[in-house]
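What follows is calculated from the coordinates using simple rules that are stated; it is not laboratory data. Model, not experiment: these values are computed from the prediction. Here Cβ is always computed from backbone atoms with ideal geometry, including for glycine, and neighbour counts include all displayed protein chains.
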Amino acid sequence: MNKRKIGVLASGRGSNLQAIMDNIANGTLDLEIAVVVSDKPDAKALERAQNANIPTVVVDRKACSDKIDFETKIDSALKEHNAEVVVLAGFMRLLSGFFVEKWQHKIINIHPALLPSFPGLDAQGQAIEYGVKFSGCTVHFVDEGTDSGPIILQKVVPVFDNDTEETLSARILEEEHKAMSEALKLWSLDKLGVEGRKVILK
Ligand code: GAR
């Protein structure tokens, strides 16, 4: 049987991408990564994909006339490779309503905080600054807001008095690697339904 195909958007290091690749390789996830798209030509995520013979596409924002042009090119790359769902694995740009409408309930993001706390940039730093005792990560469908879409799952980690942004980020990242694959497994088994703001397990 043909495997369901995902497209991954990544801007940087790509450790979340790597975790998905590892879980596909070890049989935990029955999926295929159809393409990895990056807005950064030097993203380590691209190198990881190329090492695994996964097609890569760079869409450099600076080379695009405007945001619509940028997002149209990303959309075309995903469609050319027959991606059914878009996974944001450390993709550091906000997608506009233009893109989100095309992929409604088909964009999955991972955010390094327990949403709705600490959306946007530097979520781990925001958590340290606020003094919360627990933080974690959230996997959610993307809507037109910033980190505001229906939540698929969350994982919690403690925050210790002596934590720095680096130590907390590392603790959260470990959970991110599990959380994204768990969400993708549910998606691949067609278990995720969206009712209003809620994700329901079918
Ligand atoms: C991860 O911590 C991810 O949650 C975060 O960027 C990092 C990417 O790491 N994403 C966001 O903050 C999105 N708003 P990675 O490149 O090693 O997967």
Would you point out which residue out of ALA34, ALA52 is surrounded by 20 or more Cβ atoms within 10 Å (Cβ to Cβ) and at negative phi? ALA34
Looking only at the range 122-156, which residues are among the hydrophobic types (A, V, I, L, M, F, W, C) and either assigned to a helix (DSSP H, G or I) or more than 11 Å from the ligand (Cβ to nearest atom) (or both)? ALA123, ALA127, ILE128, VAL132, PHE134, PHE141, ILE151, ILE152, LEU153, VAL156
Can you name the condition, by its number, that PHE160 falls short on among (1) buried (at least 17 other Cβ atoms within 10 Å of the Cβ); (2) more than 13 Å from the chain's Cα centre (by Cα)? (1)
What tally of residues in the range 1-29 results from selecting those that are assigned to a loop (DSSP other than H, G, I, E, B), surrounded by 14 or more Cβ atoms within 10 Å (Cβ to Cβ) and not basic (Lys, Arg)? 6
Among the listed residues ASP163, ASP147, which satisfies the condition of being touching a His at 6+ places or on another chain (Cβ under 7 Å), without any contact (Cβ under 8 Å) to a residue 40 or more places away in the chain and not aromatic (Phe, Trp, Tyr)? ASP147
Can you give me the number of residues within the range 166-177 that are in contact with a strand residue (DSSP E or B) (Cβ under 9 Å, 6 or more places away or on another chain) and either without any contact (Cβ under 8 Å) to a residue 60 or more places away in the chain or in a loop (DSSP other than H, G, I, E, B) (or both)? 4
If we ask which residues in the range 75-110 are away from the ligand (no atom under 16 Å from the Cβ) and either in a helix (DSSP H, G or I) or touching a Pro at 6+ places or on another chain (Cβ under 9 Å) (or both), their number turns out to be 12
Index of the failed condition, GLY97 passing every other in (1) surrounded by 15 or more Cβ atoms within 10 Å (Cβ to Cβ); (2) more than 15 Å from the chain's Cα centre (by Cα): (1)
